[in-house]
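Please read the structure below before turning to the comments.
The values are calculated or read from the model by the stated rules, or taken from the named source; none is laboratory data. No experiment lies behind these values; they were computed from the predicted model shown. Positions of Cβ are generated from backbone atoms using ideal geometry, with glycine treated the same way; all protein chains shown enter the neighbour counts.
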Amino acid sequence: MIYKFLLSSDEVANYRREIQIDADATFFDLHKIIMKCNDFEEVEMTSFFICNDWWRKKEEISLIEIETDSDVDSFVMEEEILSDWLEEEQQKLIFVFDYSKERGLFMELSEIILGETLATAKCAKKQGNAPSQFIKEVEEVPKPVSTTSLPIDTDDEFYGDEEYDPEELDIKGFEGLDEPENDLELPESTELF
């Protein structure tokens, strides 16, 4: 039996890959052909996630054994056979290639070819460039403060009308602020500092 997987990315719109692999191959074999056809470097950690129809992650199959709670099983790519996990077309998976940033490729088992075998996995079709394997952290550098000042408009209209009359100012609510009897009176025993 041969499995055909279609790969896509949410980072690169025109990216597509078709992988063909024997159903009796391991997830590690699938990992190797995905890395090769995308020109990715080997890394310490990648994972496949078996997903439901809405891409929700269910089971994880990782490149190396992950220490988990005793209640959670740990599955390793070299030990897991594809056909033990994938039985019907349209099965969805996510291949996480950048584990620290949780970036991955969407995979769908597009076709199962019965009665045929494939000795070596292959990338049957390539379209577009693969997403960058690693995203470099860019430190935000503060923009330098300009040492040149903005030109100042000395036109009187910029600051207001020359015919400003202080009597026109509405002082309602501001009455008595300058008068000393309105200062806050505190008992002499109050310490402020």
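Restricting attention to the range 114-122, does a residue exist that is surrounded by fewer than 12 Cβ atoms within 10 Å (Cβ to Cβ), within 19 Å of Phe27 (Cβ to Cβ) and hydroxyl-bearing (Ser, Thr, Tyr)?
yes
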- Query: Which members of the range 7-52 meet the condition of being hydrophobic (A, V, I, L, M, F, W, C), closer than 24 Å to Gly128 by Cα and exposed (fewer than 14 other Cβ atoms within 10 Å of the Cβ)?
  - Reply: Ala13
- Message: Six or more apart or on different chains, Cβ atoms under 6 Å: show the pairs whose first residue is in the range 77-93 and over 20 Å from Ser8 (Cβ atoms) and whose second is assigned to a helix (DSSP H, G or I).
- Response: Met77/Phe27; Met77/Phe28; Met77/His31; Glu78/Phe28; Glu80/Phe27
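Report yes if some residue within the range 127-142 is surrounded by fewer than 10 Cβ atoms within 10 Å (Cβ to Cβ), at pLDDT below 95 and over 30 Å from Val43 (Cα atoms); otherwise report no.
yes
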- Message: Scan the range 85-93 and tell me whether some residue there is of a type outside the set (Ser, Thr, Tyr), modelled with pLDDT of 95 or more and part of a strand (DSSP E or B).
- Response: yes
